[in-house]
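Q: This structure is in structure tokens; I'll ask about it shortly.
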């Protein structure tokens, strides 16, 4: 209460704030309360569970790298340039945020599938993307990329361009300015965007199952494994759900702490 008064907030704000916190925390508490702790270890260390977790971590990490490689230039262009149709481009880039993941999966299938827009050309080269591990990475990247772009673009706009202008007037080349000034300046925002992208990729379900299917050891990520276990072994589904929550919290906590230290 005292800290709220000191910061100038009205006391009534605490009520909806507490309600919002409970709205998020209570389902997690309910989930933890349903875990069969006596058999927890055996449930989460089965062969299918381990394969699904490792596949999720591997594909989510790869998708996050792709988000950084593609998203940083996109955010720079949106934040540091002005061109006709920029608002439309920004809307299209952010579209996966509001699209149902299943719709995104269908769009990817008709793009990279065997009879898709690019699928026939890819098939001629002897490659098949749909229903493969590559498809999982593509689906996760598709839904995660906007999170990095939004986070980094906001950071770039907040940081402004005064340091970049000074560096340019001192004779630094654009690439040097980008590498030595811009990126270090927005590193916390980049780290936050990467964390959000990883967390979103880790929990991706709809686009993955539509575009990649559910092949054990190949495309069955942890969310898909949880869904399948929910039908056959609810206790295993609850245990794996808790594992996914813990992994997500640890990743976000560790990287957010690092970005705050920066």
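Q: If packing is taken as the average count of other Cβ atoms within 10 Å, what order do 46-59, 211-224, 170-183 fall into, highest mean first?
A: 211-224, 46-59, 170-183
Q: Measuring from a point 7 Å past the Cα of residue 218 along Cα-to-C-beta, which residues in the range 73-113 have an amide N at less than 16 Å?
A: 113
Q: Among 241, 197, what is the fewest-to-most ranking by other Cβ atoms within 10 Å?
A: Listed from fewest to most nearby Cβ atoms, that is 241, 197.
Q: While we're looking at this one, here's another question. Consider just the alpha-carbon atoms of the range 111-262 and return their Rg together with their Dmax, both in angstrom.
A: Considering the range 111-262 through its Cα atoms, Rg and Dmax are 20.3, 66 Å.
Q: Something else: Which of 89, 122 comes first, and how do the rest follow, when ranked by fewest Cβ neighbours within 10 Å?
A: Least to most surrounded, the residues fall as 89, 122.
Q: So for 60, 91, fewest C-beta neighbours within 10 Å to most, what's the order?
A: So the residues, fewest neighbours to most, are 91, 60.
Q: In addition: Pulled fully out, how much extra length does the chain show between residue 9 and residue 46, if you take 0.36 nm times their separation in residues and subtract their Cα-Cα distance?
A: So the extension gain works out to 8.3 nm.
Q: Here is a further query. How high is the FRET efficiency between residue 246 and residue 187 when r is their beta carbon distance and R₀ equals 41 Å, given to the nearest 0.05?
A: Plugging the Cβ-Cβ distance into 1/(1 + (r/R0)^6) gives 0.95.
Q: Per DSSP H run of at least 4 residues, take -39500 (n - 2.57); add these up for the chain, divide by its residues and hand me the 222 nm value, nearest 500 deg cm²/dmol.
A: Counting only the DSSP helices, I get -23500 deg cm²/dmol.
Q: Just need the relative contact order of the chain here, percent rounded to a whole number, with Cα pairs under 8 Å and 6+ apart.
A: Contact order relative to length: 28 percent.
Q: Have a look at the chain and give its Rg and Dmax from the Cα atoms, expressed in angstrom.
A: Answer for the chain, Rg first and Dmax second: 21.6, 68 Å.
Just so you know, all these numbers are worked out from the coordinates, no wet-lab data involved. Remember, predicted model here, so these are calculated numbers, not experimental data. For neighbour counting, all protein chains shown are included, and Cβ atoms are generated from backbone atoms with ideal geometry for every residue, glycine included.
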